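A.B. asks: Take a look at the following structure, please.
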Amino acid sequence: MICSEVWRDRKAQRTATVARRLVSQGMIVLGKTHTVEFAMGGWGTNSRRGTPWNPWDLQRKRTPGGSSSGSGVAVAGGLAPWAVGTDTGGSVRLPASWCGITGLKTTIGRVSTYGVLPLSPTLDTPGPMTRSVEDAALLYAAMQGADPLDPRTERLAYVDPMVQLKRGVRGLRLARMPDSERGFATADVLAAYDQSLTELERLGAEIVELELPFAFADVAAFNLRIMAVESYALLRELIDDESAPLDPHVRPRIAAGRDVSAQAYMEALHLREAMKEKFSAAMAGVDALLTPTTMTTAVPVDEVDQSSAPAHYTRFGNFLDLCALSLPNGIAPDGLPTSLQITCRGYDEATALRIGWAYQAATDWHLRRPPE
């Protein structure tokens, strides 16, 4: 559900391939959930249609993460065992982090986007949101596959993630993030992150250093430029209509695309390809890059700075066309969940899930539930 007041009575003209595929395999659809308006925002707030309540704090309303906020809350709150989200800059992983669940950002072409309302066609990817990595692997296996209505899916062979899911991490080389990126996270998030690396090393993985050719913030800026241009191209009539009842925080994010020149947009796309090659070279011999998913635990909604974004550790995965898995890795002193992000090369979802399964087999953070 795109959760816009202006489209309150709008009915879809087609069924998305991912929904049709899941229903055909026996999935029971319980309902639609709220999102950030037009899926343009990482905090998970929606000033007009309502912000889903993060169930980890029953006293104070906190950010559920976005844009797939309702999906994260539904799974965390036990309203549904599985849900589907879309991820353009972190919109599966951010709610997974703040709601204490597991979320998989897939690579472009793994899951059909036909029938999914686009935000940024260059970057949009649907993915599963579940309580455990094993459930995420099962749902991902059911979601992926060739679709003649989405040509990007037809060049990829189906890969069953269950084949190597339980092989463990012994022999894998996992990189910690550069020290220069640690300063963006709080002490509680870093403590959980460091403990996760220690646990994976105990399980047999080799934790290695990695020198990246660019900072996450530099990549995020280009990712946001592409998102703004493409979302404005799709929604410009609504965005330019000052009488349209739009979320006041979402309108300027999309309107920013109006001021990006065609040259700047094309430069971002060109740089994307060059930076993908540089990142691939840096990752030579490394199976995954490990980072926190979010910089903090869930923020009180009334303290959110809507001019900023919580996607520091997530946007690079979309811009560089990678896959990434987010999963619970601790409970901070404030009683809120923290999250580990496992980023792998594009189309290597099976490895990300394998690493995540090994971690969850040795820990119980994914079994923790919000207070009742």
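A.B. asks: Which residue pairs have Cβ atoms under 7 Å apart, sit 6 or more places apart or on different chains, and have a first residue in the stretch 168-188 that is under 27 Å from Ala361 (Cα atoms) and a second that is among the polar types (S, T, N, Q)?
C.D. replies: If the second residue must be among the polar types (S, T, N, Q), the pairs left are Met177/Thr291; Thr186/Thr296; Asp188/Thr297; Asp188/Thr338.
A.B. asks: Oh, and also: Hey, does the stretch 267-274 have a residue that's in a loop (DSSP other than H, G, I, E, B), modelled with pLDDT of 95 or more, of a type in the set (Asp, Glu) and surrounded by fewer than 22 Cβ atoms within 10 Å (Cβ to Cβ)?
C.D. replies: no
A.B. asks: Which residues, taken from the stretch 207-251, are among the acidic types (Asp, Glu), open to solvent by less than 30 Å² (accessible area, probe 1.4 Å) and over 30 Å from Ala185 (Cβ atoms)?
C.D. replies: none
A.B. asks: Given the conditions (1) more than 16 Å from Val133 (Cβ to Cβ); (2) among the aliphatic types (A, V, I, L, M); (3) open to solvent by less than 50 Å² (accessible area, probe 1.4 Å); (4) more than 22 Å from the chain's Cα centre (by Cα), and given that Leu190 satisfies all but one, which numbered condition is not satisfied?
C.D. replies: Of (1) more than 16 Å from Val133 (Cβ to Cβ); (2) among the aliphatic types (A, V, I, L, M); (3) open to solvent by less than 50 Å² (accessible area, probe 1.4 Å); (4) more than 22 Å from the chain's Cα centre (by Cα), only one is false for Leu190: (4).
A.B. asks: With respect to Asp57, is the statement that it is among the acidic types (Asp, Glu) and open to solvent by less than 10 Å² (accessible area, probe 1.4 Å) true?
C.D. replies: It is false that Asp57 is among the acidic types (Asp, Glu) and open to solvent by less than 10 Å² (accessible area, probe 1.4 Å).
A.B. asks: Between residues in the stretch 119-135 that are closer than 23 Å to Leu235 by Cβ and residues that are open to solvent by less than 10 Å² (accessible area, probe 1.4 Å) and of a type in the set (Asp, Glu), which pairs lie under 8 Å by C-beta distance while being six or more apart or on different chains?
C.D. replies: Asp124/Asp87; Thr125/Asp87; Pro126/Asp87; Gly127/Asp87
A.B. asks: For the stretch 92-114, enumerate the residues that are hydroxyl-bearing (Ser, Thr, Tyr), closer than 22 Å to Gly145 by Cβ and open to solvent by less than 10 Å² (accessible area, probe 1.4 Å).
C.D. replies: Thr102, Thr106, Thr107, Ser112
A.B. asks: Next question. Please specify each residue of the stretch 2-30 satisfying the condition of being in a loop (DSSP other than H, G, I, E, B), of a type outside the set (A, V, I, L, M, F, W, C), closer than 20 Å to Ser231 by Cβ and open to solvent by less than 100 Å² (accessible area, probe 1.4 Å).
C.D. replies: Ser4
A.B. asks: Of the residues that sit in the stretch 239-264 and are touching a helix residue (DSSP H, G or I) at 6+ places or on another chain (Cβ under 7 Å) and in a loop (DSSP other than H, G, I, E, B), which one is farthest from Arg49 (Cα to Cα)?
C.D. replies: The extreme case among them is Val260.
A.B. asks: Among the listed residues Thr63, Thr86, Thr33, which satisfies the condition of being open to solvent by less than 50 Å² (accessible area, probe 1.4 Å), modelled with pLDDT under 95 and among the β-branched types (Val, Ile, Thr)?
C.D. replies: Of Thr63, Thr86, Thr33, the one residue that is open to solvent by less than 50 Å² (accessible area, probe 1.4 Å), modelled with pLDDT under 95 and among the β-branched types (Val, Ile, Thr) is Thr33.
The values are calculated or read from the model by the stated rules, or taken from the named source; none is laboratory data. Treat the numbers as computed from the prediction; the structure is a model and nothing was measured. So basically every Cβ, Gly included, is an ideal-geometry build from the backbone, and we count neighbours across all protein chains shown. Keep in mind that these areas ignore ligands, DNA and RNA; they rest on the heavy atoms of the full protein, side chains included. Shrake-Rupley method; radii C 1.70, N 1.55, O 1.52, S 1.80 Å.
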